[in-house]
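The values are calculated or read from the model by the stated rules, or taken from the named source; none is laboratory data. Since the structure is predicted, the reported quantities are computational estimates derived from the model, not experimental observations. Here the Cβ is made from the backbone with ideal geometry for all residues, glycine too, and neighbour counts use every protein chain on show. We work out accessible area using only protein heavy atoms, side chains counted, and drop any ligands, DNA or RNA first. Shrake-Rupley method; radii C 1.70, N 1.55, O 1.52, S 1.80 Å.
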Amino acid sequence: MKCRFALTAAAVAMLLAAPAQAGTIKIDFDLSNSIISILGGILTIPPDGSIIASTASVTIQGNSITTPVAGAASLSNLSLQATVNGTVGGAVLLTGNITGTQVGAAAGVLTGGLANLAIGTLTLNLSALINCAPAGPCNILGTFPISVMSLTPITGVSSLGVGGLGTFGNGTLNAILSITIGGNSALITLVGQEISRTFTPSVPEPGTFGMFGLGMLGLAAMGWRRSRN
């Protein structure tokens, strides 16, 4: 009888010691509704062109797929492809393309209110080629063609706005990135909507109470064997 009680007590101790499931939540965002502004807003995509494709991933800590918690986080896989096709005053035609691909991951922290993601330096592998015609009016706007192929570290991204993290499919991502394209200041306004998310549980270490439960279970088993003999 005592052995049965000990076995039961040990099992209860182990159950109580089991921690809440913890792990990481990865949310993928569609950023195709983003906006690129160049030349002081003279060229704005869209409508002066289109965002062909743009995505990014945010990895945060969580207790389940819909229970994020404040703590370590990161932004990765940011990519952007856009075409340029705009006019200024009906006389100047701007054409070309812009591509940006994130290099590595930008580590950061999800704040306690789960509304902001503070990250470090974000680096884009930036490629752009923008042509302008006719030459006369284009000279007023700047030197063309605008061509750039370089790594562009983006600092000062103090906060990415995030929302809907607690509801599957409702996650949002918003931010304004300031970059330079061929010596011209540009702004990328990220507007993201969740398209998928996954949860990867971590492997918890046994707690003190759990180890105690295992010890009790072992002692109870030894006592049960002796009583059988």
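Observations, loosely collected:
- Criterion (outside any strand (DSSP E or B) and either loosely packed, with under 12 Cβ neighbours inside 10 Å or without any contact (Cβ under 8 Å) to a residue 60 or more places away in the chain (or both)) met by exactly one of N174, N139: N139
- Number of positions in segment 84-94 that are hydroxyl-bearing (S, T, Y) and surrounded by 16 or more Cβ atoms within 10 Å (Cβ to Cβ): 0
- Enumeration of residues in segment 20-53 that are of a type in the set (S, T, N, Q), part of a strand (DSSP E or B), farther than 17 Å from V162 by Cα and in contact (Cβ under 8 Å) with a residue 60 or more places away in the chain: S37
- Subset of segment 95-111 [of a type in the set (A, V, I, L, M) and open to solvent by less than 40 Å² (accessible area, probe 1.4 Å)]: I98, A106, L110
- All positions within segment 154-165 that are assigned to a loop (DSSP other than H, G, I, E, B) and either polar (S, T, N, Q) or modelled with pLDDT under 95 (or both): T155, G156, V157, S158, S159
- Boolean, T121 is surrounded by 15 or more Cβ atoms within 10 Å (Cβ to Cβ) and either in contact with a Lys or Arg (Cβ under 6 Å, 6 or more places away or on another chain) or hydroxyl-bearing (S, T, Y) (or both): no
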